[in-house]
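Report on the structure given below.
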Amino acid sequence: MVEIQQRKTQRNRFTLIVYLFLVLDIGYYFLLKSFGISTNQAMYEVVTSFILILFFSFILQRIHSFYHSRSAISVVHLSIIIIFSFLATLFLQEYGKWTGASEPAYLRLLSDSFYVRWFILFLILFAIVNQLWIDKHIQEQNNSFERLVEKERQLAKAEMSNLQQQFQPHFLFNSLNSISALVKLQPDQARSMIHSLSDFLRLTMQKSKDEMTTVKEEMDYLNLYLAIEKVRFGHRLNIQLSTDESCESANLPALLLQPIVENAIKYGLYGNTGDLTITIDVRCDGTFLTIIISNPYDSTATLSSKGTGFGLASVDRKLQLLFNRSDLLQLEKTASDFTVKLLIPQQ
């Protein structure tokens, strides 16, 4: 895409240069006429000059496609410009003597203006060489920038993949421990939990390949996770989910909510022998998808339970990698509630 845009820009600039040369040649034509040169001879001079400039411009462009110096003005550039402008002027001199042999005024003008025309051609070719150098320099900078962006993109993908791989063992170990405890006492629930865990892991492997998903798909995934947790905690775990139907097609990073809800369950149930109600509120306004997850917690008990803090930190890092913003995850603590607010930009 970038290369196509660069080629389009180069074609547009070449077209502009051609139009500029046409304007200069028209002015040159009337200048020759002011010296009393015939119409035919003035046209020969103008057309020949135009063709020569285009020819040498093409040669210079081909040279720049294979050679690009660090400086716009170099010995190589100046040498090429001097040689090309001299050859063009010499050709115009000899061609003019042949076509204007019957016009003494034109022959005198050729003889008197040789170095003036050489200097003018030198300036024109010098401007062309500098423009070619600028184009080449900009192209190399764009290519370097694209390589840097691609490298950062690959590093971000690798980091996100690493984060995703770290999410699963923590939850998986807890689930396997619960299954182990249920196998003898409640085999039916253990079997149900194994089926739910299998569906959950299968969907996780599929989703890990995609960066974005819809609210509806993310909620389906979250319900699989909650089905497992409800087997573990039974009637103690309650979920109040409020989702605006207009938000079902909104986009958010895949597998984003599970570690937040897992964090809410962990700290909401720690030191709490009663029921836990987690509220999930999903709203959207076209600019942001807003997700608010709130759970009650015992601040004293939570402080005594020192976790790694991996879940929320990983979600925050994932949002930074995807959107290059650090204000999309907001935390709020009160005396008895802990709230996580997510703002997902919608494009």
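Readers should treat all values here as calculations from the given coordinates under stated rules, not as data from a laboratory. Here the structure is a predicted model, which means the values were calculated and not measured. Cβ atoms come from the backbone with ideal geometry, glycine included; neighbour counts cover every protein chain shown.
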Taking a label point 7 Å from the Cα of Asp281 along Cα-to-Cβ, the residues of segment 316-347 whose backbone nitrogen sits under 19 Å from it are 328-345
Cβ-based net charge around Thr39, under 15 Å, with every Lys or Arg adding one and every Asp or Glu removing one:
-2
Where a Cα-Cα gap under 17 Å defines reach, which aspartates and glutamates qualify for Lys136, not counting those fewer than 8 residues away within the same chain?
Glu3, Glu146
Which order do peptides 78-91, 20-33 fall in by mean Cβ count within 10 Å, highest first?
78-91, 20-33
Quick one, what does Rg over Rh come out to for segment 186-345 if you take C-alpha atoms and the Kirkwood Rh?
0.96
At each listed q (0.12, 0.18, 0.19 Å⁻¹), what is the log10 of I(q)/I(0) that the Debye formula gives for segment 181-277 modelled as equal alpha-carbon point scatterers?
-0.45, -0.94, -1.02
Which of the three applies to segment 250-290, rounded, prolate or oblate, going by the alpha-carbon gyration tensor with a ≥ b ≥ c and a/c under 1.5 meaning rounded?
prolate
Please give the residues of segment 226-248, grouped as numeric ranges, whose backbone N is less than 20 Å from a label point set 7 Å along the Cα-to-Cβ vector of Asp188.
227-237
